[in-house]
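A short worksheet on the structure shown next.
We did not get these values from a lab; they are worked out from the coordinates using the rules stated. Note that the structure is a prediction, hence the values are computed from the model and not measured. So basically every Cβ, Gly included, is an ideal-geometry build from the backbone, and we count neighbours across all protein chains shown.
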Amino acid sequence: VHGGRGFPRASGKPKKASNGPKINWEAHTCAVRYRQLQLSTENKVAELLHQSKLKSFESERVQLIQEETSRNLSQCQLECEKYQRKLEVLTKEFYSLQGLSEKKISELQAQNSEYQARLDTYEKLEKELDEIIMQTAELENEDEAERVLFS
């Protein structure tokens with residue numbers, strides 16, 4: 001005898017599942033485990049999303065710092081180039097002034113040597129005049145003194 005669904009019936013009554021409570025318990029355990037895994041997964045996803053946002057924020061912050069550092073570097077490089085050009089100009093000016101001062105020192109030394117030679121000559125003449133004056137002072141005859149003085 002066949003039942004309405006094509007399954008044979010031995011007694012005409014539907015067969016009861018003998019494992020009913022066990023299957024319900026396993027289904028309940030699986031549902032609980034599924035819910036735990038789902039919550040755990042949702043928590044992990046939320047945590048990873050939070051970490052991702054933090055990393056994204058940190059990345060943006062680091063990028064802003066890098067851009068600012070890059071701008072500062074460019075500004076410093078421009079200033080460095082400006083100061084290098086200024087140093088070159090000042091170095092050229094220094095060497096030019098050093099050359100001029102060495103030339104002026106040489107001129108002043110030559111002039112000083114000339115003045116020293118003149119001074120030596122004047123001192124020699126003064127000494128000779130002093131000697132002549134002393135000699136004439138020792139002479140009693142005025143005519144002879146004039147002759148010594150003007151000779």
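About its Cα centre, what dipole magnitude does the chain give when the only charges are +1 on Lys and Arg Cβ and -1 on Asp and Glu Cβ, stated in debye to the nearest 20?
Computed about the Cα centre, the dipole is about 6140 debye.
Could you tell me the distance between the Cα centroids of region 93-151 and region 27-56, to the nearest Å?
A separation of 112 Å, based on Cα centres.
Can you compute 3J(HN,Hα) from phi for each residue in region 28-38, using the Karplus curve 6.51 cos²θ - 1.76 cosθ + 1.60 with θ = phi - 60°, rounded to whole Hz and x for Gly and Pro?
5, 4, 5, 5, 5, 4, 4, 5, 4, 5, 5
Name the residue farthest towards the positive end of the dipole of the chain from the options GLY20, SER113, LEU90, assuming +1 on Cβ of Lys and Arg, -1 on Cβ of Asp and Glu, about the Cα centre.
GLY20
If you work out Rg/Rh (Cα atoms, Kirkwood Rh) from the coordinates, which of (i) 1.20; (ii) 2.03; (iii) 0.93 do you get?
Matching entry in (i) 1.20; (ii) 2.03; (iii) 0.93: (ii).
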